[in-house]
Amino acid sequence: MALPSTAPATSSMASAPVDSAAVLPRPRDSAPPPRPDLVDSLIALEAGLDGADARTVVALDALIDIARLRSACLDKVEAIRVERQRLMSEEILAHQRSRVLLGQARHEMALQEMWTAEIREVYARAAFENVDLSMAVEEKASGTGEELAGAEEVSREEMLNRQLFYLTHSMQKSERRLQSLLDTLRSLPNLSSTQTAHRQLHDIAILWTNQLVALSFKRQQMTQDLENVRRTRAAMEDKRDLIILDLVLDWNAMRSFGRA
């Protein structure tokens, strides 16, 4: 009777070969890296955002300078307006003053005409009465005409001389007042001088107004440029957010692939 064999099992009893690659985890180094095009795009967008920020700062500085210049121009225009009002007020006051002075001058001229007529009448009386009027014309009278007429010791010749002295003295005083009135009238602002001042102010006002218009146009351009930069920056921020989202998804996929 044959004894049972104790030899190991032959190849017919061996198990099938196992793929180690399917069993062992994949190394992390073999995981797919983030897409380089996304990284490059992100870097380019960040640089573009920095450039947009720089352009925004430049535009804001320009707007601040424009606002400062506009404020200076507006101050000049306001000063011109105040000066015009001052000139107009001076013209009105000068016109009113000239009317008063002309009225006073006409009054003095009327007085001089009256005194001239009275002086002629005195000379006519003296000629008719054969009275010499050269003896006391320069002597100052001590009373009025009524007092002189009532004084019995005063002669007819002396009375006419003193009357002529009063009239002549009054005429001289009136002439001095009239000359003073005319000098004051000449010193008042006239139409020619005020028109020249108004023309000068008008030319200066046009200059500053043109500068205001130019600054307003430049401000409008800078505001439009700033709005364009803002829109461009907003679009770049949206693209950057999408790229960052894609990079996060790739990174999560890489981590998940590495843990598999």
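The values are calculated or read from the model by the stated rules, or taken from the named source; none is laboratory data. Just so you know, these numbers come straight off a predicted model, no measurement behind them. For neighbour counting, all protein chains shown are included, and Cβ atoms are generated from backbone atoms with ideal geometry for every residue, glycine included.
Total residues in region 70-98 satisfying the condition of being more than 9 Å from the chain's Cα centre (by Cα) and under 30 Å from Phe217 (Cβ atoms): the figure is 6.
Within region 214-249, the set of residues being under 29 Å from the mean Cα position of the chain (by Cα) and of a type in the set (A, V, I, L, M) comprises Ala214, Leu215, Met222, Leu226.
From the list Arg240, Arg199, Arg233, the one residue that fits, being assigned to a helix (DSSP H, G or I) and either loosely packed, with under 14 Cβ neighbours inside 10 Å or modelled with pLDDT of 95 or more (or both), is Arg199. For region 158-213, the candidate set comprises residues that are among the hydroxyl-bearing types (Ser, Thr, Tyr) and in contact with a helix residue (DSSP H, G or I) (Cβ under 8 Å, 6 or more places away or on another chain); within that set, the residue that is nearest to Arg70 (Cα to Cα) is Thr209. Considering Ala94, Ala124, Ala72, the condition of being surrounded by fewer than 16 Cβ atoms within 10 Å (Cβ to Cβ), under 30 Å from Gln179 (Cα atoms) and small (Gly, Ala, Ser) is satisfied by Ala124 alone. Residues being without any contact (Cβ under 8 Å) to a residue 12 or more places away in the chain, part of a helix (DSSP H, G or I) and among the polar types (S, T, N, Q) are entirely absent from region 49-67.
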